[in-house]
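Read the figures in this text as sums done on the coordinates, not as results from a lab. Given the structure is predicted, the values throughout are model-derived calculations rather than measurements. In this analysis, Cβ positions are derived from the backbone assuming ideal geometry, glycine residues included, and neighbour counts consider all displayed protein chains.
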Amino acid sequence: MSILSGKFAVITGAASKNGLGKATARLFAEHGATVAILDLDQTAADEAARDLGEQHVGLACNVTDRDACHTAIHTLIERWGQIDILVNNAGITQPVRLLDIEPENYDAVLDVNLRGTLYMSQAVIPHMQTRKSGSIVNISSVSAQRGGGVFGGPHYSAAKAGVLGLTKATARDFAPDNIRANAVCPGFIATDITAGKMTEEMNAKVMAGIPMGRAGKAEEVAGCCLFLASELSSYVTGSEVDVNGGSLIH
């Protein structure tokens, strides 16, 4: 039997063709889950869901809008009767240096990465409490751990560090309800966000800092999400799991 057979999963920011969210959605579907892909654009969400199979769902949802998050979750509960897994993947990054961060930069990055994670969690946790079961997987970043990455500015590092703190608090608060919360911290991953944005010199410098000597693949992050979403990790909560090829070993 597939390890997510009979499970229903919500994945935010998952319509981008080569992104972490879509790779995770694809892997979850392959392992038996029914998946809802949430993204800003309804058409893109529908198309991404159709790629997985007819039983999967695409929904437009702006994760920075609390009412929209609650509406999306309510819609899915009405349709499915249950939600077992939430993957908070929606995020944006900006390559802005600390002294150049404007209020609008800060608001945009903190809102999508951190506020969106909070709002979606708030929307789904009461339902999980009634079922005494649930797994929440939050996508953080190696940038949160080392104070900067390749593309993200300090406000991105701060937002993703906030995700780690929120994950641990969620794990602590809702463990009595058998709701687990864990974070995944990807390192440098080859996705649409990174494609074509690095010079050869930049690429060589980044690869020199990765003991495995290569960029990660979206599927490799998805594999970690699958583990954390499934019963294979039934005694794992409040953790941050590194998927970085050894670029940060601590």
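Footprinting exposure proxy ranking of 125, 37, 179, 136, fewest other C-beta atoms within 10 angstrom first, gives 125, 179, 136, 37. When the GluC sites (Glu not before Pro) in the range 1-97 are filtered for DSSP coil states and for at most 11 other beta-carbon atoms within 10 Å of their beta-carbon, the remaining sites are 54.
A cut-off of 5 Å between modelled amide H atoms, ignoring neighbours fewer than 5 places along the same chain, links residue 240 with 183. The alpha carbon radius of gyration of the chain, expressed as a multiple of 2.2 N^0.38 Å, is 0.96. Treating the angle as unsigned and between 0 and 90°, give the value, to the nearest 10°, between the Cα long axis of helix 218-229 and the longest Cα principal axis of the chain. Here the helix axis deviates by roughly 40 degrees. When the charge dipole of the chain is built from unit charges on Cβ atoms (+1 for Lys and Arg, -1 for Asp and Glu) and taken about the Cα centre, the candidate among 186, 235, 24 whose Cα reaches farthest toward its positive end is 235. The residue list 77, 143, 171 was ranked by how far each Cα lies along the charge dipole of the chain toward its positive end, using unit charges on Cβ atoms, and 171 comes out on top. Taking the fewest neighbouring Cβ atoms within 10 Å as the starting point, the ordered list for 127, 74, 56, 250 is 250, 74, 127, 56. Ordering 156, 221, 117 by the projection of their Cα atoms onto the charge dipole of the chain, which places +1 on the Cβ of Lys and Arg and -1 on the Cβ of Asp and Glu, puts 221 at the extreme positive end. Helix 116-131 and the longest principal axis of the Cα set of the chain meet at an angle near 30°. Rounded to the nearest 10 degrees, the inclination of helix 66-80 to the longest alpha-carbon principal axis of the chain is 50 degrees. When shorter helices are ignored and each DSSP H run of at least 4 residues is given -39500 (n - 2.57), the per-residue value for the chain at 222 nm works out to -13500 deg cm²/dmol. Among 75, 130, 24, 237, the order by Cβ neighbours within 10 angstrom, fewest to most, reads 130, 75, 237, 24. Reducing the range 204-250 and the range 138-195 to their Cα centroids gives an inter-centroid distance of 12 Å. Placing +1 on the Cβ of every Lys and Arg and -1 on the Cβ of every Asp and Glu, with no other charges, gives the chain a dipole of roughly 620 debye about its Cα centre.
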